[in-house]
Amino acid sequence: MQSTTSIDPAAAAAVNPLGSGEGALLPALRVEGLGVRYGALVALEGVSWEVFPGELLGIIGPNGAGKSSCYDAVTAMVRRSGRVSLQTRDITAVPPYGLAALGVKRAFQQNAFFDDLSVLDNFVAVLGEHAYAGLAASVLNPLAAARRRNGAKALAAGQLERFGVPAAYHAQSPKEIPYGVQRMLSIALAYGRGADVLLLDEPAAGLGGEDMAALVRLLAELKREGVALVVIEHHMELIMAVADRICVLDLGKQLAYGTPAEIQRDPRVREAYLGKPQ
Ligand SMILES: Nc1ncnc2c1ncn2[C@@H]1O[C@H](COP(=O)(O)OP(=O)(O)OP(=O)(O)O)[C@@H](O)[C@H]1O
Ligand SMILES: [Mg+2]
């Protein structure tokens, strides 16, 4: 397990002010009996969890445990068994491109940007068809087209600042900006115009103290807005501080599911991480 002293307890408490999402009536997202196979390899089997609006669910487990495969399953990027529901709606059959429109957004483990576009234009690109008017409309009504373009750029600039990507970097290529800012950019791009459920895959990987603090602040802000957050992390101090509940995966199976305190006490979890019961 990774360990550091960079987590400010007060900032972490702000991420988890209620301690539980049980006050909310319906889970934002629920997965039941999720399974994924790659040929003969069972990457995921019988995984079930739920996350409420304004709650943070942590997903932890050793390398190869099936954490990213779990996101692939939720977002219909692989053939899988089980059921995925958004509040009361069964969305198991919804394809990946339909999920974003329903407010389910995902940031990937590896950063993926358009390196030939500026940081700002990367965000404008995810805003989609509303950002640019298209050639015909630009010729017929150039003023309206310019207004629309400027509106998209202003929205992009505001969102990027909010996600910890300062204006000084907006004109640069994503590959030129510091790694910590790239991680924040990838979260901003996933969030886009907004999200009800945001799936983050190791957002803290490689982050130093200041970037980690910025991430904790952002998670707190998104939770206050009612976003249901699911966060895969190896950074134990971070996840134990910010999660309301944690799902532990090991060799594709759900080893444990509970509050951070319950997970820390669980002998099966300690064995999976440390190789023997503690
Ligand atoms: N496309 C694929 N084809 C075949 N096997 C795969 C594929 N993707 C993942 N796997 C395998 O499935 C298992 C789970 O992988 P997964 O990437 O979900 O693990 P993870 O928990 O995200 O690991 P890490 O912490 O290293 O990111 C691993 O054994 C991996 O090698
Ligand atoms: Mg992974």
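The values are calculated or read from the model by the stated rules, or taken from the named source; none is laboratory data. Because the structure is a prediction, the values reported are computed rather than measured. Because the Cβ atoms are built from the backbone with ideal geometry, glycine has one as well, and the counts that use them run over all protein chains shown.
Out of 168, 152, report the one residue that is modelled with pLDDT under 95 and in a helix (DSSP H, G or I).
Result: 152 is the single residue among 168, 152 that is modelled with pLDDT under 95 and in a helix (DSSP H, G or I).
Can you confirm whether residue 221 is among the acidic types (Asp, Glu) and more than 19 Å from residue 243 (Cα to Cα)? Step through it out loud before you land on a result.
Numbers: among the acidic types (Asp, Glu): yes; more than 19 Å from residue 243 (Cα to Cα): no.
No, not satisfied.
Mind telling me which of the residues 182, 264 ends up being more than 30 Å from residue 120 (Cβ to Cβ), surrounded by fewer than 21 Cβ atoms within 10 Å (Cβ to Cβ) and out of contact with any strand residue (DSSP E or B) (no Cβ under 8 Å at 6 or more places or on another chain)?
Exactly one residue qualifies, and that residue is 264.
Do you know which residues across region 224-242 are farther than 21 Å from residue 104 by Cα and of a type in the set (D, E, K, R)?
Scanning region 224-242 gives a single hit, 237.
Can you tell me which condition residue 215 does not meet? The list is (1) within 14 Å of residue 113 (Cβ to Cβ); (2) assigned to a helix (DSSP H, G or I), and all the others hold.
Only one criterion in (1) within 14 Å of residue 113 (Cβ to Cβ); (2) assigned to a helix (DSSP H, G or I) is unmet by residue 215, namely (1).
Take the conditions over 20 Å from residue 251 (Cα atoms) and more than 14 Å from the chain's Cα centre (by Cα) and apply them to residue 37. Does it pass?
It is false that residue 37 is over 20 Å from residue 251 (Cα atoms) and more than 14 Å from the chain's Cα centre (by Cα).
Taking region 57-75, which residues are in a loop (DSSP other than H, G, I, E, B) and within 9 Å of ligand 1 (Cβ to nearest atom)?
Selection gives 61, 62, 63, 64, 65, 66.
Evaluate region 190-211: report whether one residue or more is within 16 Å of ligand 2 (Cβ to nearest atom) and of a type in the set (Ser, Thr, Tyr).
The answer is no; no qualifying residue exists.
Can you find, within region 220-237, the residue that is farthest from residue 194 (Cα to Cα) among those that are within 16 Å of ligand 1 (Cβ to nearest atom) and modelled with pLDDT of 95 or more?
Within region 220-237, the match that is farthest from residue 194 (Cα to Cα) is 233.
Which residue pairs have Cβ atoms closer than 6 Å, lie 6 or more positions apart in sequence or on different chains, and pair a first residue in region 43-70 that is basic (Lys, Arg) with a second residue that is within 11 Å of ligand 1 (Cβ to nearest atom)?
Taking only residues 6 or more apart or on different chains, the pairs are 67/59; 67/61; 67/232; 67/249.
Collect the residues in region 243-261 that are acidic (Asp, Glu) and closer than 22 Å to residue 45 by Cβ, keeping them in residue-number order. Break it down into steps so the answer makes sense when it comes.
Let us first name the residues in region 243-261 that are acidic (Asp, Glu), namely 244, 250.
250 - this is the single residue of region 243-261 that is acidic (Asp, Glu) and closer than 22 Å to residue 45 by Cβ.
I need the full set of residues from region 44-56 which are over 23 Å from residue 226 (Cα atoms) and either assigned to a loop (DSSP other than H, G, I, E, B) or within 16 Å of ligand 2 (Cβ to nearest atom) (or both), in order please.
44, 47
Is it the case that residue 25 is over 30 Å from residue 210 (Cβ atoms), at pLDDT below 95 and not aromatic (Phe, Trp, Tyr)? So that I can check it myself, show each step before the final result.
On the way: over 30 Å from residue 210 (Cβ atoms): yes; at pLDDT below 95: yes; not aromatic (Phe, Trp, Tyr): yes.
The answer is yes for residue 25.
Please go through region 236-262 and give me each residue that is over 21 Å from the mean Cα position of the chain (by Cα) and within 26 Å of residue 214 (Cα to Cα), ordered by number.
261
Quickly run through region 79-127 and pick out the residues that are surrounded by 15 or more Cβ atoms within 10 Å (Cβ to Cβ), within 16 Å of ligand 1 (Cβ to nearest atom) and over 18 Å from the mean Cα position of the chain (by Cα).
Matches in region 79-127: 80, 82.
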